[in-house]
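A.B. asks: I'd like to ask some things about the structure below.
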Ligand code: NAD
């Protein structure tokens, strides 16, 4: 399938995990990639992992730096003319899980800066451009932690719930300009972010327990999230906007 032939797709958090899998998926489908992360070495590894002949621009940017985000978006539009799809995927995990009475203000600020303001800055800059170009698709990586409480640290869960609402608000603002905005809510996926969880379980021979909280009785793989991101970013989802799609093996079904 070549749903993204001659299309420019910007992916944040592309140096690892789900973002790297998304880069591969969009490249397989013909996209010109703009890969963004604060981890330069990881971005280079992602480029190595792309299919031969893939075209990609790599940019080391902190998504919580609004001026850097604006400059990057302007640079990409100047170079490519158009951004067809944006995947707001960069994120950080939930601090120390110590609970609402203990989590300190720096932890809250740090998580909200990256997980919420990062998508806000990119959606604002790219949304203006998509409005002018007459369309586009934005896919935000939220989490099941944004749907049900207790699934993550309190700051992380709140940030992801906010991303789901940002998705709906942006969809309402931009729908009239043919810009679709949707979110993916992954369940437990094996990535850099969840490595400590997997290491802990494996050291205790309890890996099968990691999948036990969902109906499919297994944890997920980054490519399974990437497939859903590509669907929502593609014309196959042309009448879908403002939705939060759980890709979680049924974790939130019960
Ligand atoms: P990951 O740690 O493997 O990848 C996250 C990437 O984001 C990293 O490359 C990191 O360098 C980048 N990043 C973090 N902060 C950044 C910043 N300020 N600026 C630029 N880049 C930054 O984790 P992942 O699991 O692939 O996470 C991708 C997204 O999926 C995140 O938004 C995460 O919250 C979400 N998610 C993951 C899971 C899971 O189980 N892995 C579940 C639900 C949601």
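A.B. asks: In angstroms, what radius of gyration and Dmax does the stretch 111-254 have, counting Cα atoms only?
C.D. replies: Cα-based Rg and Dmax for the stretch 111-254 come out at 16.1, 54 Å.
A.B. asks: Also, quick follow-up: Report the relative contact order of the stretch 46-165, percent, no decimals, based on alpha-carbon pairs under 8 angstrom and at least 6 residues apart.
C.D. replies: Details: 148 pairs, mean separation 37.3, N = 120.
31 percent.
A.B. asks: If you don't mind, another one. Shape call for the stretch 25-83 from the C-alpha gyration tensor, a ≥ b ≥ c root eigenvalues: rounded (a/c under 1.5), prolate (a/b greater than b/c) or oblate?
C.D. replies: Values: a/c = 2.73, a/b = 1.32, b/c = 2.07.
In terms of gyration-tensor shape, oblate.
A.B. asks: Percent relative contact order of the stretch 155-234, based on C-alpha pairs within less than 8 angstrom and at least six residues apart? All intermediate terms of the calculation are to be shown ahead of the outcome.
C.D. replies: Details: 47 pairs, mean separation 20.2, N = 80.
With pairs under 8 Å counted, the relative contact order is 25 percent.
A.B. asks: Using only the alpha-carbon atoms, how far is helix 17-28 inclined from the longest principal axis of the chain? Give it as 0 to 90 degrees, nearest 10.
C.D. replies: Its long axis makes an angle of about 40 degrees.
A.B. asks: Can you give me the three principal axis dimensions of the stretch 146-216 from its C-alpha atoms, in Å, biggest first?
C.D. replies: Principal-axis extents of the stretch 146-216 (Cα, largest first): 52, 24, 23 Å.
A.B. asks: Let me have the 222 nm mean residue ellipticity of the chain computed from DSSP H runs of 4+ only, each contributing -39500 (n - 2.57), with the sum over all residues rounded to the nearest 500. It would help to have the intermediate numbers written out before the result.
C.D. replies: Details: 8 runs with 101 residues, N = 254.
Calculated mean residue ellipticity at 222 nm is -12500 deg cm²/dmol.
A.B. asks: According to a simple spin-label model (label point 7 Å from Cα along Cα-to-Cβ), what is the distance in nm between residue 216 and residue 49?
C.D. replies: Result for the modelled spin labels: 1.8 nm.
A.B. asks: Taking the 0 to 90 degree range and rounding to the nearest ten, how far is the long axis of helix 66-80 tilted relative to the main principal axis of the chain, both from C-alpha atoms?
C.D. replies: It works out to around 40 degrees.
A.B. asks: Kindly list the residues of the stretch 123-140 that lie in the label zone of residue 70, defined by a backbone N under 15 Å from the point 7 Å along the Cα-to-C-beta vector.
C.D. replies: Residues 123-129 fall inside that zone.
A.B. asks: Evaluate the relative contact order of the chain (contact order divided by residue number), counting alpha-carbon pairs under 8 angstrom at least 6 apart; express in whole percent. Don't skip to the end; give the middle numbers.
C.D. replies: Working: 533 pairs, mean separation 49.3, N = 254.
Worked out over the chain, it gives 19 percent.
A.B. asks: Per the Debye formula with a single identical scatterer at each Cα and no solvent contribution, what log10 I(q)/I(0) holds for the stretch 32-154 at q = 0.15, 0.18, 0.23 Å⁻¹?
C.D. replies: -0.78, -1.03, -1.36
A.B. asks: Could I ask something else about it? Give, in whole angstrom and from largest to smallest, the semi-axes √(5λ) of the equivalent ellipsoid of the chain, with λ running over the eigenvalues of the Cα gyration tensor.
C.D. replies: Numbers: eigenvalues 154, 80, 67 Å².
Semi-axes from the Cα gyration tensor: 28, 20, 18 Å.
A.B. asks: Right, something else. Measure nothing but the geometry: give the 0 to 90° angle between the long axis through the Cα atoms of 154-174 and the longest principal axis through the Cα atoms of the chain, rounded to 10°.
C.D. replies: Long axis of 154-174 versus the principal axis of the chain: about 30 degrees.
A.B. asks: Rank-order 242-254, 191-203, 79-91 by packing density, defined as the average count of other C-beta atoms within 10 Å over each peptide's residues, highest first.
C.D. replies: Working: 242-254: 17.8, 191-203: 13.7, 79-91: 22.5.
Order by mean packing, descending: 79-91, 242-254, 191-203.
Since every read-out is calculated from the coordinates, none of them should be taken as a lab result. Because the structure is a prediction, the values reported are computed rather than measured. Reconstructed Cβ throughout: ideal geometry from the backbone, glycine too, with neighbour counts over all protein chains shown.
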